[in-house]
Amino acid sequence: MFEILFTNRALKDLRNFDNNIRKRIIKKIGELNNESVKKSRKLINKKIGQYRFRIGVYRVIFDIEDNNIIILRIGNRKEIYK
């Protein structure tokens with residue numbers, strides 16, 4: 001089982017969403033497990049992170065280190081990769 005950690009930047013990104021979207025994102029992140037991590041896609045540009053997880057039009061960019069999932073960024077798919 002993974003432990004989920006948030007960077008300060010990810011927490012700041014999360015605060016920018018309205019309450020309903022924030023709850024939806026937090027719920028989906030809480031459901032991350034081995035199976036959903038396997039379904040995550042590897043990113044080509046490793047500068048922003050290793051993997052992405054899709055939640056509707058939003059993306060969660062994260063790295064995996066040991067048994068930790070480190071959430072790096074959260075944002076709309078149109079803006080998160082810039």
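Every number in this text was worked out from the coordinates using simple rules, so none of it is lab data. All values derive from a computational prediction rather than experimental measurement. A quick note on method: Cβ atoms are made from the backbone with ideal geometry, for glycine too, and the neighbour counts reach across all protein chains shown.
Things to note:
- Counted by neighbouring Cβ atoms within 10 Å, the residues Val60, Val37 run from fewest to most as Val37, Val60.
- Of all DSSP-defined beta bridges confined to the chain, some 80% are antiparallel rather than parallel.
- Here the contact order of the chain, divided by its residue count and restricted to Cα pairs under 8 Å and six or more residues apart, works out to 35 percent.
- Label point distance in nm, Arg54-Lys38, each placed 7 Å from Cα along Cα→Cβ: 1.9 nm
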